[in-house]
Amino acid sequence: MIRHFRWVKQGVVSAPGTGDILLGSRVNSYLALSDISDVVDGSQIYYTVEDGQDREYGVGTYVAATNSLVRTFVYAVMQSGKLSRYPSNGLDLSINALVSSEPQAKPFRGVLLRLSANLTFPYNAWVQTPWTKVVYDTDGFFTGSGIIIPEGVNLIRTQVGLQGNTTTIRLGFYTQINGVKDRGAVQAGGPNGSSIISASGPAIPVVPGDVVTTYSSAGEYSSCYLIGSSLANFFSIEVVG
């Protein structure tokens, strides 16, 4: 379970950049994560980072041995007055960064999936995309073999990001719900030479038990694949109702 912890605010030991956050001393009259008995090795925590006027919000995994926070998933970044949702990287943090875990007005619900390995494309064919690596899943969407809409979810928004191994590629993507393609879920297509694409769909109605499947393609190109280790490859469902 992913949790918030009130009254946490602490600095960092050194400039984290875009990597793991080595946690430092607590701010006066606040707690550090290490002060809280419920925070143990492997705890997943909603976090916010302030660095000057920039902000980052996401889910982190606490590592007790190093008193650090691994950025498991970055949900949103505000930088230079611009908001970016589901960025491929978090902020390039400085030594002045402050980490907190205050509850947001509306906690995020949904699922984020990634690839466990490279996905190779046959020539001019669509391939079902095997999103099998669960970054987080607040409501039990992922069943181990696929994505099924759980109880209590009636409205969702989907988003996808793809990164191929070469610019000699034309990436495409579509979503099916119960085998029907045109349900308003996210679709994406890039021009020739696009090694990275991303897109989000509108809010669409669903019912518990609906099955969500996704397909991707490299078009009329061979020897192309999605890079399994790339954070730019993801599929997410956000619960909006």
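From the list Leu23, Leu69, Leu83, the lone residue that is of a type outside the set (Val, Ile, Thr), in a strand (DSSP E or B), in contact (Cβ under 8 Å) with a residue 60 or more places away in the chain and not assigned by TED's automatic domain parsing to the domain that holds Val160 is Leu23.
The residues on offer are Leu113, Leu91, and the sole one that is of a type outside the set (Ser, Thr, Tyr), buried (at least 16 other Cβ atoms within 10 Å of the Cβ) and not in a loop (DSSP other than H, G, I, E, B) is Leu113. Residue count for the stretch 85-108 satisfying the condition of being at pLDDT 80 or above and over 12 Å from the mean Cα position of the chain (by Cα): 11.
Test Gly42 against the criterion of being in contact with a strand residue (DSSP E or B) (Cβ under 9 Å, 6 or more places away or on another chain), without any contact (Cβ under 8 Å) to a residue 40 or more places away in the chain and not in a loop (DSSP other than H, G, I, E, B), and give yes or no.
no
Just one of the listed residues (Gly209, Gly184, Gly144) is modelled with pLDDT of 85 or more and part of a loop (DSSP other than H, G, I, E, B), namely Gly209. The set of residues in the stretch 1-28 being crowded, with 19+ Cβ neighbours inside 10 Å and closer than 27 Å to Gly81 by Cβ consists of Val8, Gln10, Val12, Pro16, Ile21. Mind telling me which of the residues Arg55, Arg71 ends up being over 15 Å from Gly19 (Cα atoms), modelled with pLDDT of 90 or more, under 19 Å from the mean Cα position of the chain (by Cα) and not hydrophobic (A, V, I, L, M, F, W, C)? Testing whether each residue is over 15 Å from Gly19 (Cα atoms), modelled with pLDDT of 90 or more, under 19 Å from the mean Cα position of the chain (by Cα) and not hydrophobic (A, V, I, L, M, F, W, C) leaves just Arg55. Scanning the stretch 29-43 for residues that are buried (at least 17 other Cβ atoms within 10 Å of the Cβ) and within 23 Å of the chain's Cα centre (by Cα) gives Leu33, Val39, Ser43.
The values are calculated or read from the model by the stated rules, or taken from the named source; none is laboratory data. This one's a predicted model, so the numbers in the text were calculated from it and none came from an experiment. Counting neighbours? That spans all protein chains shown, and the Cβs are built from the backbone with ideal geometry, glycine included.
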